[in-house]
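Before we start, here is the structure in question, set down as structure tokens.
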């Protein structure tokens, strides 16, 4: 175990032991061996996914072995699934690998339940007909589908998942939860026990900025009908008032008091009201939050408890996060402050816990269903909860999303263009049974064929004029590459796709909401809710 | 070294359809290609026969780079790394196995690639980049960096800038440019960039893009700790030296006994102050300044770099201009922008200027020239140089102890000082914001530049 | 737009030229920093090896304040990553000072958390000199000395004098560093 901890140390620092546990309990399935597909698996096997299965009925061609690190050219003619599984498995002895030498469409017919047991299903390359069938199978079983492919210098990832809840989204720049707009009782008491004037020089310059802010805020409110400084001008005045409190030496020159500087610096952020962010409000108002049943997931049961807290004891506020940023202070007062915040957080959490227990018992499901750890994680991250719902492939192919239309029609430089072209490539394949530009002789003809497919697509989307936005250059490029899978583009997409799978498996960090388009020609990319 | 077995090798490395994928983009014209791009089968030939690449670092990025580049069609690749393999590398450095622990990264990586990718001729160098001089670096068409060290990045950046050649009118000879492709990762974030030394922003132009090391105020660590990190830092800075728990040796972040001792001592200190959160993992993180790393981000960034190298070498598409950042914490986000060349960059802003003197010229005369020349008009120039890899101070007036030690140089001739044709002199003076590099031209004729 | 490679271009062979190792950015910057040094009269620098600008000593002999008459030596080590990283400075003279501990660690913000590449060796030297003129008891490294300074300035002065003459302050012995 200690060995394992060492081996995975660099990633445990990102998703923690519980994230690792989720990963090790997960199983993924790759359908059809492409370089993009095996690169994706590689980046799941290295961090220690529980198991993987490769389904592919095809045999290795010279071209397959040319761009794939996990297909041995000495085994040209053998089954791709078997060879790739063996070379991939060798990467990490902790991971179990399996393969199925059968065509996916047969398997879908014969044993569809084969696919529904996986944590995530990854599609390397599939014809549209089979892909739709697979997606329709997985959707009601709530198994996430990740489509990933590389096409010339372009890459495409599509995630289809009915619902995915994220407790730990690990935001990069989160606002601190300091509650100066609704101060904690013990915090007020602590502040009242400190008289800035009478402190000696050292204590004065080591009073945490939080206390300074609060004291000056009280004075300000007294002078301003209980209002906090709101406008830019008021904030400026407030800052000046704080800085006027800096001690001066015998010559009247202000001393260097970093804590006062910190207080002034935080004026802009500290008074942002602790409102519930709209995304979270939507979660709390979601029908799944309002109507929990014994088949609700833990996430919704917890969300229901959270909602009750906010409505009742919280008076519109979330449970306190309980963490404090570092600030200039002596150890004693900082630790005291920290304890006050932690105690309040624990108090709030207990209330949520009570609601959750009540809910569990009234639903007749066990009280031990939600662990203390999960509860704590949920409350600490309450502000950052996310629920992701993508459209199904069925919806996507029935009609384009508003996001697609908006993005594509409003910005002629948008990489949404390549999504449109990819859809036309699929139409091309469905009609001609091959990709455009595969054969040198038909290159020119394929360009004009592609153009008419794009026209058809635009017409079916109800924006026939948008054909103007599809340049001849882009059509030529999509045909020039002739469905080539350039290894380095595949490796890029394999990296992105693997991380999306890890997000889906661990419930940490936020997956792409729909599709991701990579444009290796310009090194740009775009996420699009398709 | 390499053993040439041309027949056997070409047999194993040639199979039908092998390069079908990349031939599509190399042998067909594209509207997105470089204007000079001429689609032909010669490009792949060039990649395989002539093009020589250098990969610096055989770690998280390096392993990926070697795979990506060889599968993209390159063959002649050198790789430098001074590190040996550690257990904690195995979660992402996919060319290494448990049985490779403690072996040199460069060697194991090269061996694996050469075995797996037929025809690949990766040459490993188990050493520091500083162990080689310009003669070594000159042989490459493109250099790619997968490093976590800013020092090493700046060093190779400076090296490639020093290889630039200018004609007498000060125009850059474009054939002397060796592009530098640089990648970096931290957790779920990364960046890839393309540097054309002398033409586009270099590492030193954009040094502020690299965050400085996190440091804590010393007095906080000593007397007002608030965070678990402060307690660990305290033991590192004060406790270790005071108590010498394992004798008079420095801390070894890879020695579990050392980390355990520091962790215990830090816990004790944390308890005294009522601070929570000192753990073994945190202790090791602080002591070793560990940067979190996952396979996926390394794969993405190395791949982005490899695609750029492919574009640079073949012109089949325009290279990145010139910086891309990547972040997949919340969705997947990239941002591509043109980092600006800094006109006062200490590394790349100046073309070396020529100074022509006879070998008999005295250093004093050279300094007089710097002060009297109407285009220079220096006040009290200080001059240093590098001879055979060693720094020398030729003269510096502003520091009395150095002035005294270097005063005898004033009446020595350039020849006696060991300065030969092509020698670079670094001259600092109050009249210029940066030190200026002069290239010394030594000729018998007495003409001054 | 440039064309980077003519396809047939062969790069020069490894052995064809004897290269001259060129200046690093750190060396360029340090040459500039050193040439620009303008020290107050109480400070001198000593370079044991004039060719090695990375390692030198600073000697401060304050002519006012608590420490007048003393002589304090600091070692400077400039790393290859200069100026991205601050120089490493240690006090080699044992000194009774709130911001310098008995191991020679110096608590000066610009040496650690507030270092910026635009700062120079000159700025660091001025910073250290300032510590001797205005010792700061609020952010101490030597807590005992700081407490005496903030509670009893006369006592502090006496302690400084005793330490500089050579002798015990509390149970710590200080070597003489007075120059007379």
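The values are calculated or read from the model by the stated rules, or taken from the named source; none is laboratory data. Bear in mind the structure is a predicted one, so any value in this text is a computation, not a measurement. Heads up, the Cβs are rebuilt from the backbone with ideal geometry, glycines too, and the neighbour counts pull from every protein chain shown.
All but one of (1) more than 10 Å from chain A (Cβ to nearest Cβ); (2) out of contact with any helix residue (DSSP H, G or I) (no Cβ under 7 Å at 6 or more places or on another chain) hold for residue B:329, so report the exception by its number.
Residue B:329 satisfies every listed condition except (1).
Among the residues of the stretch A:261-287, write down those that are free of Cβ contacts under 8 Å to residues at least 40 places away in the same chain, touching a helix residue (DSSP H, G or I) at 6+ places or on another chain (Cβ under 7 Å) and closer than 18 Å to residue A:320 by Cα.
Across the stretch A:261-287, the qualifying residue is only A:284.
Just to confirm my filter: which helices (runs of 4 or more DSSP H) fall fully inside the stretch C:66-180 and include at least 2 residues that are within 14 Å of chain B (Cβ to nearest Cβ), in contact with a strand residue (DSSP E or B) (Cβ under 7 Å, 6 or more places away or on another chain) and over 26 Å from residue C:53 (Cα atoms)?
It comes to none.
Let me ask something else. For the stretch B:206-237, which residues satisfy the criterion of being part of a helix (DSSP H, G or I), touching a strand residue (DSSP E or B) at 6+ places or on another chain (Cβ under 9 Å) and under 30 Å from residue B:182 (Cβ atoms)?
Within the stretch B:206-237, B:206, B:209 qualify.
Let me confirm something: among A:329, A:295, which residue is under 30 Å from residue A:161 (Cα atoms) and either at pLDDT below 95 or not in a strand (DSSP E or B) (or both)?
Every option except A:295 fails the conditions.
Taking the condition at pLDDT below 95 and either in contact with a helix residue (DSSP H, G or I) (Cβ under 9 Å, 6 or more places away or on another chain) or crowded, with 17+ Cβ neighbours inside 10 Å (or both), does residue A:439 pass?
yes
For the stretch B:312-337, give me each residue that is in contact (Cβ under 8 Å) with a residue 40 or more places away in the chain and surrounded by fewer than 21 Cβ atoms within 10 Å (Cβ to Cβ).
Scanning the stretch B:312-337 gives B:318, B:321, B:325, B:327, B:329.
Still on this structure, please answer the following. Restricting to the stretch A:409-419, name every residue that is at pLDDT 95 or above and over 13 Å from residue A:516 (Cα atoms).
Across the stretch A:409-419, there are no qualifying residues.
Looking at the stretch A:169-179, can you tell me whether even one residue there is in a loop (DSSP other than H, G, I, E, B), free of Cβ contacts under 8 Å to residues at least 40 places away in the same chain and surrounded by fewer than 20 Cβ atoms within 10 Å (Cβ to Cβ)?
Yes, the stretch A:169-179 has at least one match.
Looking at C:110, C:179 in this structure, which one is in contact with a helix residue (DSSP H, G or I) (Cβ under 8 Å, 6 or more places away or on another chain) and at pLDDT below 95?
Unique residue meeting the criteria: C:110.
So, in the stretch A:180-202, exactly how many residues are in contact (Cβ under 8 Å) with a residue 12 or more places away in the chain and assigned to a loop (DSSP other than H, G, I, E, B)?
Within the stretch A:180-202, residues that are in contact (Cβ under 8 Å) with a residue 12 or more places away in the chain and assigned to a loop (DSSP other than H, G, I, E, B) number 6.
Sticking with this structure for a sec: Give the residues of the stretch A:481-520 that are facing another protein chain (nearest Cβ under 7 Å) and surrounded by fewer than 23 Cβ atoms within 10 Å (Cβ to Cβ), sorted by residue number.
Passing the criteria: A:510, A:513.
Within 10 Å of chain B (Cβ to nearest Cβ) and surrounded by 20 or more Cβ atoms within 10 Å (Cβ to Cβ): which single residue out of A:92, A:32 fits that description?
A:92
Do you know which residues across the stretch A:203-230 are within 14 Å of chain C (Cβ to nearest Cβ) and either assigned to a loop (DSSP other than H, G, I, E, B) or free of Cβ contacts under 8 Å to residues at least 40 places away in the same chain (or both)?
A:206, A:207
Residues of the stretch B:371-394 being surrounded by 23 or more Cβ atoms within 10 Å (Cβ to Cβ), in contact with a helix residue (DSSP H, G or I) (Cβ under 9 Å, 6 or more places away or on another chain) and assigned to a strand (DSSP E or B), which ones?
Residues satisfying the conditions are B:382, B:383, B:384, B:393, B:394.
If a residue has to be part of a helix (DSSP H, G or I) and over 19 Å from the mean Cα position of the chain (by Cα) to count, how many in the stretch B:112-129 make the cut?
Of the residues in the stretch B:112-129, 5 are part of a helix (DSSP H, G or I) and over 19 Å from the mean Cα position of the chain (by Cα).
Let me ask another. Restricting to the stretch A:59-81, name every residue that is more than 18 Å from residue B:21 (Cα to Cα), more than 9 Å from every other protein chain (Cβ to nearest Cβ) and surrounded by fewer than 20 Cβ atoms within 10 Å (Cβ to Cβ).
Listed by number, the residues that qualify are A:75, A:77, A:78.
Could you check the stretch B:130-158 and list, in sequence order, the residues that are more than 8 Å from the chain's Cα centre (by Cα) and part of a helix (DSSP H, G or I)?
Across the stretch B:130-158, the qualifying residues are B:130, B:131, B:134, B:135, B:136, B:137, B:158.
Mind checking which pairs have a first residue in the stretch B:394-405 that is more than 16 Å from residue B:430 (Cβ to Cβ) and a second that is at pLDDT 90 or above and part of a helix (DSSP H, G or I), Cβ under 8 Å, 6 or more apart or different chains?
If the second residue must be at pLDDT 90 or above and part of a helix (DSSP H, G or I), the pairs left are B:394/B:363; B:394/B:406; B:394/B:409; B:402/C:34.
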